[in-house]
Amino acid sequence: MTAPEETTPSIADVEKLTAWLDAQGLGVGAPLEHRFVSGGSQNEIYELRRGDLHCAMRIPPVTAPADRDAGIVREWRITEALNGTDVPHTEAIAVCTDSSVLGRTFYLMGFVDGWSPMQTFGSWPAPFDNDLEARQGLAYELVKGAALLSKVDWRAKGLEDLGRPEGFHERQVDRWTAFLERIKGRELPGFDVAAAWLRTHKPIDYIPGIMHGDYQFANVMYRHGAPARLAAIVDWEMGTVGDPKLDLGWVMHTWPEDTSSGEGGLGGYADMTGMPSRNEVLAYYAEISGRQVDDIDYYCVLAKWKLAIILEQGYQRAGDDPKLEAFGPIILDLMRDAAELAENSDYQG
C-alpha cells in the first residue's frame with residue numbers, strides 16, 4: 001500500500017476572492033496569481049499578485065478552531081495600528097470577516113521582500129555567515145524592533161480594548177497555572193519553585209504597551225544583504241496590550257553573556273558567535289526604548305516558565321508528530337532553568 005500523497009493547501013474559491021478584491025478596489029480587472037507560501041494547523045499564508053497589488057494573505061485553514069477567526073481580526077488590528085509608525089511591519093491592506101468569501105476570516109498585508117532566520121535554521125545567510133561584524137547588526141535590529149514597538153501609543157491607535165493591561169503581572173501565575181492544570185500529563189520539575197518566586201517578585205515599573213508575545217529571531221524578517229535591517233515583525237498570534245518588556249525577556253532568556261561559544265539565540269540552535277553580549281543588548285534596548293532593564297531577571301524567569309507551559313500543550317497533543325514530540329526535553333530544560341534562575345537571582349523586586 002502506498003502512502004497518500006500530501007497535497008499543497010489552496011485557496012478555497014479564487015473567483016470569490018477575485019470578486020472581493022474588485023469590491024475593495026485592489027487590482028481591479030487584472031488576473032489573480034497566487035501561490036501557497038507556508039502554513040500549518042492555525043494559519044496559511046498565500047502570496048497574491050494582481051495588477052499593482054502584491055501582498056500576502058493570512059487565513060486559518062478549514063480545520064482550525066472557530067475562534068481562530070477572532071484571532072485573525074486581533075492580528076489585523078495590531079498590524080493596522082502599526083501603519084504610520086517606525087516599527088518594522090507588514091503594511092495592513094484589507095481584512096474580510098465575511099465567511100461567504102473563503103469560508104474563514106482573512107486579511108491582506110504587504111508582501112515582504114526579505115528572509116527569515118527560520119528559513120536558514122542553524123546558519124546565517126551571506127554575508128552574515130562569515131562577517132561577524134555584520135552579524136552583530138542582526139541582534140541589534142532584533143532588539144530595536146522590540147524597543148520601537150514598546151513606544152507605540154496604543155491608546156491613540158484605538159487598541160484600548162485589545163487586552164487587559166491592568167493587573168497584567170498579578171494574573172500571570174494564576175492564569176498559566178490553571179492552563180497547565182487543564183492540559184497536564186506529567187510533572188514539570190521546577191514549576192512550583194519558579195511560580196512561587198514570580199508570586200513574590202514584580203517588575204520595578206510597569207508601563208503597558210503593545211507586546212508581540214512570542215518575540216524572537218523566528219518571528220522577524222530581515223532585508224537582504226548587509227547592513228542588517230529589520231524588514232518586519234511577523235506572526236502576531238499572541239499579540240496583545242500588556243507588558244512589552246516581556247518581549248525583551250523572550251529574547252534574553254536564552255542569550256548568553258559570552259557569545260563566543262556560539263550557543264543560544266534561536267531556540268539554542270543559531271550560531272551566536274560574534275553577537276553582542278547580553279549586557280550590550282540590554283543597554284541598547286534601554287537606550288532605544290527609554291525603559292530601565294535592571295529587573296530583566298524577572299522577565300527571563302517569566303519567559304522561561306510561561307514558554308515551557310505553552311510548549312507543553314503542543315507536546316501533550318503530539319501524537320505521532322515528531323516536531324511536537326521534540327518539545328519534550330526542551331520543556332523540561334526551560335522549567336528547570338526558570339527555577340534555577342529564580343533561586344540564584346539577586347533581583348529583589
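The values are calculated or read from the model by the stated rules, or taken from the named source; none is laboratory data. Owing to the predicted nature of the structure, the values given are computational and were not obtained by experimental measurement. Reconstructed Cβ throughout: ideal geometry from the backbone, glycine too, with neighbour counts over all protein chains shown. SASA here: full protein model, heavy atoms, side chains in, ligands and nucleic acids out. Shrake-Rupley method; radii C 1.70, N 1.55, O 1.52, S 1.80 Å.
May I ask you to say which residue of G167, G158 is touching a residue at least 24 places away in the same chain (Cβ under 8 Å) and either open to solvent by less than 20 Å² (accessible area, probe 1.4 Å) or farther than 18 Å from I233 by Cα (or both)?
Details: G167 fails: touching a residue at least 24 places away in the same chain (Cβ under 8 Å).
Answer to the selection: G158.
Could you please find all residues in the range 305-349 being open to solvent by less than 50 Å² (accessible area, probe 1.4 Å) and aromatic (F, W, Y)?
Selection gives W305, Y347.
In the range 140-147, is there at least one residue being touching an Asp or Glu at 6+ places or on another chain (Cβ under 6 Å) and crowded, with 19+ Cβ neighbours inside 10 Å? Write out each step before concluding.
Initially, the range 140-147 is screened for residues touching an Asp or Glu at 6+ places or on another chain (Cβ under 6 Å), giving 146.
Narrowing further to those that are crowded, with 19+ Cβ neighbours inside 10 Å: 146.
Yes, there is a match, as at least one residue in the range 140-147 is touching an Asp or Glu at 6+ places or on another chain (Cβ under 6 Å) and crowded, with 19+ Cβ neighbours inside 10 Å.
So the check is Cβ under 8 Å with 6+ separation or different chains; which pairs have a first residue in the range 24-35 that's touching a residue at least 12 places away in the same chain (Cβ under 8 Å) and a second one that's in a loop (DSSP other than H, G, I, E, B) and among the aliphatic types (A, V, I, L, M)?
H34/I11
Would you please name the residue that is modelled with the lowest pLDDT, looking only at residues in the range 18-54 that are of a type in the set (S, T, Y) and under 28 Å from the mean Cα position of the chain (by Cα)? Break it down into steps so the answer makes sense when it comes.
If we filter the range 18-54 for residues that are of a type in the set (S, T, Y), which is where we start, we get 18, 38, 41, 46.
Narrowing the set further to residues that are under 28 Å from the mean Cα position of the chain (by Cα) leaves 38, 41, 46.
Numbers: S38: 87, S41: 72, Y46: 97.
The residue in question is S41.
Hey, can you tell me all the residues within the range 196-218 that are outside any loop (DSSP other than H, G, I, E, B), within 30 Å of E160 (Cβ to Cβ) and modelled with pLDDT of 95 or more? Lay out the reasoning, then the answer.
Just the residues of the range 196-218 that are outside any loop (DSSP other than H, G, I, E, B), to begin with: 196-200, 209-211, 217-218.
Now drop any that are not within 30 Å of E160 (Cβ to Cβ), which leaves 198-199, 209-211, 218.
Listed by number, the residues that qualify are L198, R199, G209, I210, M211.
Quick one: in the range 270-304, of everything that is of a type in the set (F, W, Y) and within 17 Å of G242 (Cα to Cα), which residue is surrounded by the fewest Cβ atoms within 10 Å (Cβ to Cβ)? Don't jump to the end; show me each part of the working.
Keep residues of the range 270-304 that are of a type in the set (F, W, Y), which gives 284-285, 298-299.
Narrowing the set further to residues that are within 17 Å of G242 (Cα to Cα) leaves 298-299.
Working: Y298: 24, Y299: 22.
Among those residues, the one meeting the criterion is Y299.
Just give me the residues in the range 10-67 being among the hydroxyl-bearing types (S, T, Y) and closer than 16 Å to F111 by Cα, in sequence order.
Initial filter on the range 10-67 (among the hydroxyl-bearing types (S, T, Y)): 10, 18, 38, 41, 46, 63.
Once the filter is applied, which keeps residues that are among the hydroxyl-bearing types (S, T, Y) and closer than 16 Å to F111 by Cα, the range 10-67 yields S38, Y46.
Can you name the residue in the range 193-234 that is charged (D, E, K, R) and without any contact (Cβ under 8 Å) to a residue 40 or more places away in the chain and is also most open to solvent (accessible area, probe 1.4 Å) among such residues? Let's see the steps before the verdict.
Going through the range 193-234, the residues charged (D, E, K, R) turn out to be 199, 202, 205, 214, 223, 229.
Still in the running and without any contact (Cβ under 8 Å) to a residue 40 or more places away in the chain: 199, 214.
Details: R199: 124, D214: 40 Å².
So the residue we want is R199.
Looking at the range 31-82 only, could you name the residues that are open to solvent by less than 60 Å² (accessible area, probe 1.4 Å) and part of a helix (DSSP H, G or I)?
Residues satisfying the conditions are R68, D69, G71, I72, V73, E75, W76, I78, T79, A81, L82.
Could you say whether any residue in the range 118-134 is touching a strand residue (DSSP E or B) at 6+ places or on another chain (Cβ under 6 Å), crowded, with 19+ Cβ neighbours inside 10 Å and of a type outside the set (D, E, K, R)?
no
Considering each residue of the range 283-328, count those that are within 18 Å of A196 (Cα to Cα) and either in a helix (DSSP H, G or I) or aliphatic (A, V, I, L, M) (or both), and give that number. Spell out the reasoning first.
Here is the first cut: in the range 283-328, the residues within 18 Å of A196 (Cα to Cα) are 295-309.
Adding the requirement that they be either in a helix (DSSP H, G or I) or aliphatic (A, V, I, L, M) (or both) leaves 296-309.
Qualifying residue count, the range 283-328: 14.
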